[in-house]
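Reviewing the structure listed below.
Read the figures in this text as sums done on the coordinates, not as results from a lab. What you see is a predicted model, and the numbers here were worked out from it, not measured in a lab. We place every Cβ from the backbone using ideal geometry, glycine too, and count neighbours over all the protein chains shown.
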Amino acid sequence: MLVEDLDYELPSELIAQEPARPRDSSRMLVIHRGSGEVEHRVFQDFAEYLAPTDVVALNDTKVVRARLRGCREPGGGKAEVLLLSERRDGLWEALVTPGRRIPVGRGLSFGEGDLRAEVVGRTAEGGRLLRFSNAGDLKAALSTMGEVPTPPYVQRELKDESDYQTVYARSPGASAAPTAGLHFSDDTLGAVRGRVRAVVCVTLHIGLGTFRPIHTARVGDHHMHAERYSIPEQAAKSVSAALAQGRRVVGVGTSTARALEAATTEDGRVRAGEGTTELFIVPGYDFRAVGALLTNFHMPRSTLLALVCAFAGRELVMRAYAQAVGRKYRFLSFGDAMLIL
């Protein structure tokens, strides 16, 4: 597949700048893979599409205050850092702005100098390795100095940090939200729990792997950046039992799908435990775990759109996207939902 096969025209006015209020009032486009039928509903109808035997899987990652604003030393020019993952104590992988002015060896200072870092290396993806020298408890420092990062296409200031967290977020570590889960309110989640066999949580800390653009001409040549995931024992048992019995597993979000697919063996057994995954799901991939998928509308030429096309077929997905654009659905992180059955 060529990256141009994942292209479509996205009018800028359809890029949502804030969530629907209430959040479960967002629209929901429903695709039936078997018939090719497309329906137009609202997210409050989500539970109607679930069977009592289903297992619904959520990603309970929590977005951390991973954005730091500071200055370069020496010189005092502005600097912005987005922390992605910790490699070992005090050494962090990060994206920095302005990148050309922050080479290896440059110092960075945040707050009143209470937090300092030195750029000690570069990553293959163009990021930086930062070593924090006087961080103490960096998590505590981030709670006071850091900001919850939102995607660059969201131009409005985030007034309420909870807008960019799911109602079931529990495990801090993500640099971006699992946006399919943002549609759930406590009420809609309660309706789901009351309808299905089980609701389980897995964790995939969303980072560069999920939101890094595809820069290769052929989609398959793109390399996914590793992201950390965790599958609790009970979640592994519930999903494994569903697969063994031919029951459906409904994945909420592409990150949930990647975590489950990374942890599922060829014989349909889900491994509990922690790990990292570089799994890049593209058309032709044989899904082992996920039988239905709730997701958002994604950027053109993105790894997320590639996964959705792998799940539902490119032709059907692009036809649905064209309908969504024509009906003025809201796109991307704060946008509307798509349910693929």
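In terms of other Cβ atoms within 10 Å, Y153, Y321 run from fewest to most in the order Y153, Y321.
Given q = 0.12, 0.15 Å⁻¹, what are the Debye log10 I(q)/I(0) values for the stretch 100-246, with equal point scatterers placed on the Cα positions and solvent ignored? For the requested q values the scattering log ratios are -0.76, -1.09. Considering only alpha-carbon pairs that sit under 8 angstrom and 6 or more positions apart, the relative contact order computed for the chain is 25 percent. Computed extension gain for D163 through E278, at 0.36 nm per residue and net of the alpha carbon distance, reaches 38.6 nm.
Using R0 = 35 Å, the C-beta based FRET efficiency linking E18 and E266 works out to 0.25.
Extension gain, R314 to R193, is 40.4 nm, computed as 0.36 nm per intervening residue step minus the present C-alpha separation.
Over 25 Å apart: what share of the alpha carbon pairs of the stretch 15-162 falls there, rounded to a whole percent?
Value for the stretch 15-162: 47 percent of Cα pairs lie more than 25 Å apart.
When M28, M318, M338 are sorted by how many other C-beta atoms sit within 10 angstrom of their C-beta, beginning with the fewest, the order is M318, M28, M338.
Put simply, the amide H of R33, placed in the peptide plane, has neighbours under 5 Å in L341, leaving out anything fewer than 5 places away on its chain. Cβ-to-Cβ counts within 10 Å put F46, F287 in ascending order as F287, F46, the fewest first.
For the chain, what log10 I(q)/I(0) values come out of the Debye formula at q = 0.06, 0.09, 0.11, 0.14 1/Å, with one point per alpha carbon and no solvent? Taken in order of the listed q values, log10 I(q)/I(0) reads -0.21, -0.49, -0.73, -1.15.
From most to least packed by mean Cβ count within 10 Å, the peptides 11-23, 138-150 give 138-150, 11-23.
The translational diffusion coefficient of the stretch 81-123, from Stokes-Einstein at 37 °C and 0.692 mPa s with a Kirkwood hydrodynamic radius over alpha carbon pairs, comes to 299 µm²/s. Normalising by residue count, the stretch 175-292 has a Cα convex hull of 111 Å³ per residue. Placing pseudo-labels 7 Å out from each Cα toward the beta carbon at E147 and Q323 gives an inter-label distance of 3.9 nm.
If R0 is taken as 25 Å, the Cβ-Cβ distance between E125 and E73 corresponds to a FRET efficiency of 0.50. Scattering from the stretch 13-59 was approximated by placing one identical point on each alpha carbon and applying the Debye formula without solvent; log10 I(q)/I(0) at 0.14 1/Å stands at -0.49.
When the alpha carbon gyration tensor of the stretch 67-145 is reduced to an equivalent ellipsoid, its three semi-axes come out at 17, 15, 10 angstrom, largest first.
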